[in-house]
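Peer 1: There's a structure below that I have some questions on.
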Amino acid sequence: MKWTILIGLILALPAHDTPAGVAFVHRHSPTSQKYLIETMGGGVALLDYNNDKRLDLFFVNGGKLNDPQTLPADYARTDPQYWNRLYRQNPDGSFTDVTAEAGLSKAGNNYGMGVAVGDYDNDGFPDLYVTNFGSNVLYRNNGDGTFTDVTSEAGVAAGGWSVSAGFLDYDNDGRLDLFVSRYLDWNFDRNVLCGTPFHTYCPPTRYQGTANVLFHNEGNGRFRDVSVLSGIASVKGKGMGVAFNDYDGDGFADIFVSNDGMEQYLFRNRGDGRFEELALEAGVAFADDGKSFSGMGVSFADYDNDGRPDIAVTNLALEKYALYRNEGSRFSYASLRTGLAGVAARSSGWGVGLYDFDNDGWKDLFVAQSHALDNVERVHSGLRYRERPALYRYADGRFERFDIAKMPPVAGRGAAFGDINNDGAIDSVIAVLGGQPLVYFNRPNANHWLILELVGRRSNRSGIGATVRVGNQWAYTTTTGSYLSASDSRVHFGLGKESRVTVEILWPSRKRQTVRDVAANQILTVEEPE
């Protein structure tokens with residue numbers, strides 16, 4: 001595993017020693033058949049599964065494929081080299097592989113994709129939902145260091161080709177619901193080989209899309225499929241990333257889904273259990289030229305500190321990463337005027353996050369990068385398959401690119417964000433297709449910071465869906481976003497030179513809370529008033 005330290009966001013130097021305990025290798029089993037699932041996987045989660053105040057790591061593996069694949073498929077997920085892996089962080093910063101003892105070595109006969117994290121049963125311990133090509137798996141955290149597969153009794157197996165997923169409380173009833181993005185109506189016996197004289201992975205335009213899935217938490221350990229009833233299934237897409245925020249400020253979580261090779265989707269929550277897809281009306285369906293793009297990862301956060309959440313979508317090289325600024329009634333395409341289109345024009349992005357990496361009070365953009373085609377150099381000599389991750393720092397209304405230097409280019413896929421070592425600086429973990437993950441430790445600077453851990457009482461236990469304000473900054477409590485991945489549920493603020501601040505919280509229950517004279521440079525637990 002490779003580890004790097006970010007220094008002032010400008011220079012990155014590799015650490016000389018590899019921290020002990022993490023030996024994960026993502027295995028996607030590439031074949032000459034160019035099966036589409038080979039190029040799509042690699043999810044990662046940052047979570048504190050045992051409540052020891054240290055973030056742990058969970059990686060989703062792929063599976064074994066034959067060349068050509070025989071049916072019915074056997075992905076050899078019982079073989080340890082194809083296991084998903086959970087690594088517990090120790091007090092000294094090292095990690096221990098606890099996959100087997102935690103009960104997570106059984107992935108079922110599925111080809112792995114991504115992961116979602118959320119405390120769906122409100123017992124104070126985060127649970128895991130793993131998406132697959134095949135059936136998905138829900139692991140309930142038992143609170144004693146172990147997990148139990150409760151997929152069948154919970155009713156959330158879904159099926160088909162699931163990609164990203166996330167937990168949200170869309171009806172504000174205090175229980176986390178579950179959204180699953182699904183990609184294509186594809187299978188091995190319908191795989192198409194594209195390209196001559198050499199083969200490439202076919203574009204998604206060669207296949208039909210499918211509907212996403214929404215599960216309502218019934219509160220008794222079971223979920224109910226409300227995809228049709230809610231309106232989510234009224235449109236078919238080619239879903240990749242998913243992210244939640246309240247873009248219209250009505251107190252209900254809205255859903256953005258990045259679609260590959262077609263218009264994007266924005267599901268507005270009507271507050272009555274139903275959603276309406278309004279991407280075109282809201283101005284986030286297409287690029288500025290009216291064309292679709294290869295939407296992959298998504299971050300749904302307020303980058304310009306105006307109190308309204310904006311949307312960033314990664315896509316393939318020459319398409320421009322899409323940045324949509326929330327103007328209040330609709331969004332405007334901001335990739336050009338912020339400089340993002342220019343600095344990212346030849347890059348392809350997957351996992352993505354808008355976070356304040358230098359604690360100056362403004363969110364920056366971090367992207368895991370790589371083209372989808374492993375032989376793209378033969379198609380376009382000016383593009384590259386493997387790329388270094390990139391940090392796009394935001395200052396004075398524009399994004400400037402800072403490459404993560406001195407690291408080899410990789411096939412980056414999922415990306416998760418959080419403060420792994422509790423030093424106040426946001427770190428990142430990148431899942432690498434067919435390789436070892438990258439973990440970037442962000443070195444703190446002189447700027448102040450604040451991290452909030454929310455504990456809901458009337459709201460869901462983790463405070464998912466709470467809106468938090470510190471000064472002119474706004475944050476939305478969520479683990480969902482990026483691509484295939486789940487980030488730290490704690491809320492981070494860079495404070496610049498401010499040493500004491502006031503924190504305002506609007507909980508999903510609609511309870512408003514103000515905490516005054518909060519000292520900087522601490523991790524503070526805030527409980528929702530009864």
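The values are calculated or read from the model by the stated rules, or taken from the named source; none is laboratory data. Computed from a predicted model, the values in this text were never measured in an experiment. As a convention, Cβ positions derive from the backbone with ideal geometry for all residues, glycine included, and neighbour counts pool all protein chains shown. Side chains included, ligands, DNA and RNA excluded: accessible areas come from the protein's heavy atoms. Shrake-Rupley method; radii C 1.70, N 1.55, O 1.52, S 1.80 Å.
Peer 1: Quick one: would you say residue 87 is of a type outside the set (A, V, I, L, M), open to solvent by less than 50 Å² (accessible area, probe 1.4 Å), at pLDDT 95 or above and closer than 25 Å to residue 418 by Cα?
Peer 2: So residue 87 passes the test.
Peer 1: So, in the range 452-482, exactly how many residues are over 20 Å from the mean Cα position of the chain (by Cα) and open to solvent by 20 Å² or more (accessible area, probe 1.4 Å)?
Peer 2: The total comes to 7.
Peer 1: In the set 491, 501, which member is over 27 Å from residue 242 (Cα atoms), open to solvent by less than 40 Å² (accessible area, probe 1.4 Å) and of a type in the set (Val, Ile, Thr)?
Peer 2: 501
Peer 1: Hey, another quick one. Taking residue 150 as meeting all but one of (1) free of Cβ contacts under 8 Å to residues at least 60 places away in the same chain; (2) β-branched (Val, Ile, Thr); (3) farther than 26 Å from residue 439 by Cα, write down the number of the exception.
Peer 2: Only one criterion in (1) free of Cβ contacts under 8 Å to residues at least 60 places away in the same chain; (2) β-branched (Val, Ile, Thr); (3) farther than 26 Å from residue 439 by Cα is unmet by residue 150, namely (1).
Peer 1: Hey, any hits in the range 311-321 for a residue that's at pLDDT 95 or above, out of contact with any Ser or Thr (no Cβ under 6 Å at 6 or more places or on another chain), open to solvent by less than 10 Å² (accessible area, probe 1.4 Å) and assigned to a strand (DSSP E or B)?
Peer 2: yes
Peer 1: While we're on this one: For residue 413, only one of the following conditions fails: (1) touching a Gly at 6+ places or on another chain (Cβ under 7 Å); (2) part of a loop (DSSP other than H, G, I, E, B); (3) closer than 30 Å to residue 341 by Cα. What is its number?
Peer 2: (2)
Peer 1: For a quick check of your reading: which strands (runs of 3 or more DSSP E) sit entirely within the range 434-479 and have at least 2 residues that are β-branched (Val, Ile, Thr) and within 26 Å of residue 247 (Cβ to Cβ)?
Peer 2: On the way: elements: 438-442, 448-455, 467-470, 473-476.
The qualifying strands (runs of 3 or more DSSP E) are 448-455, 467-470.
Peer 1: If you go through the range 17-49, how many residues are within 25 Å of residue 418 (Cβ to Cβ) and in contact with a His (Cβ under 7 Å, 6 or more places away or on another chain)?
Peer 2: 2
Peer 1: Now a separate question. Any residue at all in the range 69-83 that's within 24 Å of residue 417 (Cα to Cα), at pLDDT 95 or above and open to solvent by less than 10 Å² (accessible area, probe 1.4 Å)?
Peer 2: Taking every residue of the range 69-83 in turn, none turns out to be within 24 Å of residue 417 (Cα to Cα), at pLDDT 95 or above and open to solvent by less than 10 Å² (accessible area, probe 1.4 Å).
Peer 1: Which count do you get for residues in the range 181-207 that are without any contact (Cβ under 8 Å) to a residue 60 or more places away in the chain and within 20 Å of residue 267 (Cα to Cα)?
Peer 2: Total meeting the criteria: 1.
Peer 1: Does the range 228-245 hold any residues that are open to solvent by 20 Å² or more (accessible area, probe 1.4 Å), in contact with a strand residue (DSSP E or B) (Cβ under 6 Å, 6 or more places away or on another chain) and either farther than 17 Å from residue 314 by Cα or free of Cβ contacts under 8 Å to residues at least 12 places away in the same chain (or both), and which are they?
Peer 2: 235, 236
Peer 1: Looking at the structure I just gave you, is residue 251 at positive phi and open to solvent by less than 30 Å² (accessible area, probe 1.4 Å)?
Peer 2: On the way: at positive phi: yes; open to solvent by less than 30 Å² (accessible area, probe 1.4 Å): yes.
Yes: the conditions hold for residue 251.
Peer 1: Restricting to the range 190-227, and then to whatever is more than 22 Å from residue 180 (Cβ to Cβ) and in contact with a Gly (Cβ under 7 Å, 6 or more places away or on another chain), can you tell me which residue is surrounded by the fewest Cβ atoms within 10 Å (Cβ to Cβ)?
Peer 2: In the first step, residues of the range 190-227 are kept if they are more than 22 Å from residue 180 (Cβ to Cβ); the result is 191-203, 205-206.
Pick out the ones that are also in contact with a Gly (Cβ under 7 Å, 6 or more places away or on another chain) and you get 203, 205.
Details: 203: 16, 205: 10.
Of everything passing the filter in the range 190-227, 205 is surrounded by the fewest Cβ atoms within 10 Å (Cβ to Cβ).
Peer 1: Any idea which residue in the range 277-310 is surrounded by the most Cβ atoms within 10 Å (Cβ to Cβ), counting only those that are among the acidic types (Asp, Glu) and under 24 Å from residue 477 (Cβ atoms)? So that I can check it myself, show each step before the final result.
Peer 2: Initially, the range 277-310 is screened for residues among the acidic types (Asp, Glu), giving 277, 281, 288-289, 302, 304, 306, 310.
Still in the list and also under 24 Å from residue 477 (Cβ atoms): 302, 304, 306, 310.
Values: 302: 21, 304: 16, 306: 14, 310: 24.
Among them, the one singled out is 310.
Peer 1: Looking at (1) more than 23 Å from residue 26 (Cβ to Cβ); (2) under 24 Å from the mean Cα position of the chain (by Cα); (3) small (Gly, Ala, Ser), which one does residue 397 not meet, given that it meets all the others?
Peer 2: (2)
Peer 1: Further question: Cβ-Cβ distance below 6 Å, separation of 6 or more or different chains: which pairs start in the range 335-362 with a residue that is open to solvent by 10 Å² or more (accessible area, probe 1.4 Å) and end on one that is among the β-branched types (Val, Ile, Thr) and outside any helix (DSSP H, G or I)?
Peer 2: From residues that are open to solvent by 10 Å² or more (accessible area, probe 1.4 Å), the pairs are 355/426.
Peer 1: Which count do you get for residues in the range 254-264 that are open to solvent by 10 Å² or more (accessible area, probe 1.4 Å) and either free of Cβ contacts under 8 Å to residues at least 60 places away in the same chain or of a type outside the set (D, E, K, R) (or both)?
Peer 2: Here is the first cut: in the range 254-264, the ones open to solvent by 10 Å² or more (accessible area, probe 1.4 Å) are 260-263.
The next check asks that each one be either free of Cβ contacts under 8 Å to residues at least 60 places away in the same chain or of a type outside the set (D, E, K, R) (or both); those that pass are 261-263.
Number satisfying all stated conditions: 3.
Peer 1: Between residues in the range 40-58 that are over 30 Å from residue 202 (Cβ atoms) and residues that are assigned to a loop (DSSP other than H, G, I, E, B) and of a type in the set (S, T, N, Q), which pairs lie under 8 Å by C-beta distance while being six or more apart or on different chains?
Peer 2: From residues that are over 30 Å from residue 202 (Cβ atoms), the pairs are 46/487; 47/479; 47/489; 53/422; 54/90; 54/422; 56/50; 58/84.
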